[in-house]
1. Checking the condition closer than 14 Å to Ile163 by Cβ and not hydrophobic (A, V, I, L, M, F, W, C), which residue from Pro204, Pro190 passes?
2. Kindly check whether there is at least one residue in region 106-117 that is of a type in the set (Asp, Glu) and without any contact (Cβ under 8 Å) to a residue 60 or more places away in the chain.
3. Show the residue pairs meeting these rules: Cβ distance below 6 Å; 6+ apart or different chains; first residue within region 201-227 and more than 14 Å from Ala116 (Cβ to Cβ); second residue part of a strand (DSSP E or B) and hydroxyl-bearing (Ser, Thr, Tyr).
4. Here are some residues: Ser125, Ser162. Which one is touching a Leu at 6+ places or on another chain (Cβ under 8 Å) and assigned to a loop (DSSP other than H, G, I, E, B)?
5. Being in a loop (DSSP other than H, G, I, E, B) and surrounded by 10 or more Cβ atoms within 10 Å (Cβ to Cβ) is the filter here, so list the residues in region 97-120 that pass it.
Amino acid sequence: MKPLEPNKNQKQSTLTLSLGLAISSLALSSAVLAADMTYPAIVHSSDSTVVHNNFGECWGTGSNDLSTQPTTECGQAAPKAAEPAPMMPPPPPAPIAKAEPAPAPAAKAPDITLSADALFDFDKSVLKPEGKTAIDRELKRTNFEGGAVGIARIKVVGNTDSIGSKTYNQKLSERRAEAVKAYLVSKGVPASKIHTEGHGELDPVASNKTKEGRAKNRRADIWFDKE
């Protein structure tokens with residue numbers, strides 16, 4: 001008795017199954033060996049749809065066929081997009097250079113600085129004869145003898161040392177400046193052209209801790225401005 005032979009349909013199913021398994025194995029091997037940017041090539045029909053075998057698996061074109069485009073419906077995941085490089089914060093703005101203020105013009109030195117010890121008796125605001133002579137000499141030397149000729153303005157500032165209270169020294173310096181003004185007016189200088197100030201003990205030119213320094217601080221400063 002002849003053994004039963006499989007019919008045509010059974011032969012076809014067995015062939016299809018074997019072929020499908022072989023192709024799937026080849027596709028899997030290719031996926032493992034493929035580089036990061038390649039994928040097993042998949043068979044597509046004329047309408048660009050993926051061809052599947054009887055088991056619903058995607059059919060590969062061959063073990064050595066690779067594609068650079070993933071077929072996502074066959075489980076080929078697209079590569080992750082490279083993360084953008086972190087944005088570097090912009091450099092801080094350069095500091096704006098501040099314009100240095102122009103240096104203040106140096107104060108004009110007095111044209112005449114006379115020791116109060118020569119001008120006045122101690123603790124007095126009355127001009128001594130020696131003080132008047134000193135002013136006359138300075139007026140002649142600076143060509144202001146005769147009063148108002150060529151004079152635009154005269155400034156007189158009285159100063160004291162630090163002995164005594166600040167209030168008393170302030171008043172004493174003002175009285176001494178006024179005494180110089182009165183003498184200048186007697187020499188023909190209009191009072192309107194003479195400005196007086198008393199700075200008391202606020203503008204020392206030497207240390208008030210020594211006798212010599214205190215003598216230098218007892219003074220009257222006079223500025224002449226020509227027309």
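Bear in mind that the values in this text are calculations on the coordinates, not laboratory data. No experiment lies behind these values; they were computed from the predicted model shown. Cβ atoms come from the backbone with ideal geometry, glycine included; neighbour counts cover every protein chain shown.
1. Exactly one of Pro204, Pro190 is closer than 14 Å to Ile163 by Cβ and not hydrophobic (A, V, I, L, M, F, W, C), namely Pro204.
2. No, because not a single residue in region 106-117 is of a type in the set (Asp, Glu) and without any contact (Cβ under 8 Å) to a residue 60 or more places away in the chain.
3. none
4. Ser125
5. Listed by number, the residues that qualify are Pro110, Asp111.
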